[in-house]
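Only one structure is covered here, and it is reproduced in the block below.
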Amino acid sequence: MALKWLRDNLRHLKFILWGVVLVFVLLVFVDWGAGRAGGGGGGKAIVRVGNRSVSEAEFLDEMRRLDQRFSQIYGEQWNELRGQVDLARQTANMFIDRELQLAEASRIGLAVSREELQEVILEDPSFRDESGAFVGTETYKRIIRAYFRTTPEEFEERLTEDLLIGKLNTLAERNAWISDDEVDREFRRQRELSDFDVIQLRYEPFLSAVEITDEDARAAFEANAEDYYREEQRVIRYLLVETSRLRRTLPVDDAELRAYYDQHIDEFLEGEQARARHILFRLAPDANEVTRGEVELRANGVASIARSGGDFAALAAEHSEDPGSKEMGGDLGWFGRGQMVPEFEDVVFSAKPGDIVGPIKSQFGYHVIKVEGFRPEHQQPFEEVQEQVRFRVLEDRAVGEAEARAGVLARRLKAENPVTQDQWQSVADEDEAVVLNQSPPFSAGEAVAGASDGPELADAAFGSSVGEITGPVAVPRGWIVWQLAEVREAGIPPLENVREEVEQKLRRERAVELATDQGRQLAERWRGGEDGSTLAAEYGSNVTEARQHRRGQVVGALGVMPGLDNAVFSAKADAVIGPIKAGVAGGVVVAKINTLDLVDPIELANSRDDLRARLMTERGAQLMRSIIIERRRDTVVTVDNEFLQRFAPTSS
């Protein structure tokens, strides 16, 4: 569907070539030198993607370039890191991804015209003289042969491919449009912070105080009768061969785990990471110029001490206002791109190990940062991911075994045709991986609760007759064999058929009302200055602290609470808000806001385009990655693992 969508939107494509070209010219063409015509140079094939093969010479050339690139990025540290990075595997993945992208671009009809290619070459600073004019055809050819070490024909072929891949990636990115509302929500989610305390009043303690008479239930049912209207519904009973139960009983040896790891090794790559310490000097978003200057002056003073040889960890313990890292000498541990705010991330990944940078300003305040080191993208060793591998191997095996056992069950049930629940239960009891279930009533087009996520099973049940046995059928939890047990006609059922549902709903509503009344009392007393912990104890609850809280984060054991988030970030510091219905957490909550850091509307407006571009790039990259994974399943890809093993990392 994603690919059809891309093709349908192809007419809207407007792409930018120059940035793409500059990157590829500087990083990819240097020392390219190997042709592509069906084989890519002499020697045995190390990688094959469809009809395209990569020779040993071509492969080694590219791997050397990758090594040089890492050396330029990490400097002397690369000598220590080289033994941890599987350069050969990364090189193989680069070739595979590139060929799959080219195939995808061709499949959806993308092309690069001769005019586009010429325009890019003429605009490239490498081929201009001091006056800015094109250097001429002969000089252009000499530059290609001398600097890029290839022929003009091969250079232009490679450049055409790079432009084609650039078009494909830009197409994915441009179709990943992000609206203003999405950008604003993400900006606020990233930037806005609050410290607050929450007291929850659950509804369950009030249930015993709620009495529901027959008249209450009947009145609630009649007032909301349409809520209980049912389309025609079906009920099935089914035997489930559960893969999770099978997984606990199936054997697997280390050799099988190692073989799976070797065959799926590219799935266990860890991206580039940095480690840093920081000293945070907090600054409120609405601080005046005097306060801002004072905080910046303190940050500069501590930064000077650190650059003069001061113990950074000791300085962090003394001065940092980040409670999460202060006691650890400011240590933030290892983190990848996208985990820190952009201002912080940009300076860290642009620095060198040992550098002290800053102070730099973010929505938190001013940071003085010491960069401890970097870990490039590296292959996670087998020992580190062994349990993940074990789960995957057993999950695959359990699915196959579940299907086989379900097939045996289906043949038996169709032959014996059991009718009663006891007869079905006796069959289930013979296998510890099999359980008997009966579905709740369901309508056509719905998921069958507990059995399926989609409508396929329900649709099959509506095409079945009572007593008919069907299966085996794959479901999220394993494989099932099922029988249509009951048909319920459409309409509003009598009260007696839904009395339990009506009474439960009414009892809960009234219990929440009682909790809300107490929540109002609690909120008033909290606003009046009474201690939160004392109030919580009196009301049979406790205080949950939310610190440095962002929208969408969990609030302790209460989980994610969108209603509370909206109220918190719409209020003012020191306010007591609530009671607010707690949703899935149950009951109501009352909160006292201690601090509130909100975004500046002007900053939001100024940052909107940059953030939109960043989100579009991320979403486009995700889309391209999913396309590559999909195409890789459909394409014959072979890798000479024995050859790659010669260059495997020597240490973890």
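The values are calculated or read from the model by the stated rules, or taken from the named source; none is laboratory data. Quick caveat: nothing in here was measured; it's all calculated off a predicted structure. Heads up, the Cβs are rebuilt from the backbone with ideal geometry, glycines too, and the neighbour counts pull from every protein chain shown. Note: accessible area is taken over every heavy atom of the protein model, side chains too, but ligands, DNA and RNA are not part of it. Shrake-Rupley method; radii C 1.70, N 1.55, O 1.52, S 1.80 Å.
Worth pointing out:
- Glu486/Asp216 FRET efficiency (R0 41 Å; Cβ-Cβ; nearest 0.05): 0.90
- Under a 5 Å amide H cut-off, with hydrogens placed 1.01 Å from N, Ile236 pairs with Ser439, Ala485 among residues at least 5 apart or on other chains.
- Each of Phe344, Val357, Val295 was placed along the dipole of the stretch 242-381 (beta-carbon charges, centred on the mean Cα), and the one lying farthest toward the positive end is Val295.
- Remark: the stretch 198-350 carries a charge dipole of roughly 520 debye about the Cα centre, counting +1 on each Lys and Arg Cβ and -1 on each Asp and Glu Cβ.
- J(HN,Hα) series, the stretch 231-238, from Karplus relation 6.51 cos²θ - 1.76 cosθ + 1.60, nearest Hz, glycine and proline x: 5, 3, 10, 10, 10, 10, 10, 8
- Where the chain is the region considered: accessible area per residue in Å², 1.4 Å probe: 51 Å²
- Placing +1 on the Cβ of every Lys and Arg and -1 on the Cβ of every Asp and Glu, with nothing else charged, gives the stretch 315-355 a dipole about its Cα centre of roughly 180 debye.
- Using a probe of 1.4 Å on the protein chains alone, the accessible area found for Ser179 is around 40 Å².
- Dipole of the stretch 189-342, positive end: most advanced residue of Tyr229, His278, Val241 [Cβ charges, Cα centre]: His278
- For a label point 7 Å along the Cα-to-beta-carbon line of Gln438, residues of the stretch 488-524 with backbone N under 20 Å: 488-490, 493-502
- Under 20 Å from Lys572, Cα to Cα: lysines that are on another chain or at least 8 residues apart: Lys581, Lys592
- Near Ser533, once Lys and Arg are set to +1 and Asp and Glu to -1 for all other residues with Cβ below 12 Å from its Cβ, the sum equals -4.
- Computed from point charges on the beta carbon alone (+1 for Lys and Arg, -1 for Asp and Glu), the dipole magnitude for the stretch 103-248 about its Cα centre is near 1060 Debye.
- Where Ser308, Ser626 fall by accessible area, highest first, once all protein chains stay in place (1.4 Å): Ser308, Ser626
- Here the Debye sum runs over all C-alpha atoms of the chain as equal scatterers in vacuum, and log10 of I(q)/I(0) at q = 0.08, 0.09, 0.10 Å⁻¹ comes out as -0.96, -1.17, -1.31.
- Per-residue Karplus couplings for the stretch 209-223, computed as 6.51 cos²θ - 1.76 cosθ + 1.60 with θ equal to phi - 60°, are listed in order as 8, 9, 10, 10, 8, 4, 5, 4, 5, 5, 5, 5, 5, 5, 5 Hz, Gly and Pro entered as x.
- Bridgeable lysines around Lys167 (alpha carbons under 21 Å apart, same-chain partners fewer than 8 residues away excluded): Lys4, Lys14.
- For the stretch 61-67, backbone phi angles converted through the Karplus equation (6.51, -1.76, 1.60; θ = phi - 60°) give residue-by-residue couplings of 4, 5, 5, 5, 5, 5, 4 Hz, Gly and Pro being listed as x.
- Amide H contacts under 5 Å for Ile46, placed H, 5+ residues apart: Val54, Ser55, Glu56
- When the solvent-accessible area of the stretch 277-432 is split by element, carbon and sulfur atoms take up 50 percent of it, the probe being 1.4 Å.
- Per residue Cα convex hull volume in Å³ - calculated over the stretch 408-565: 217 Å³
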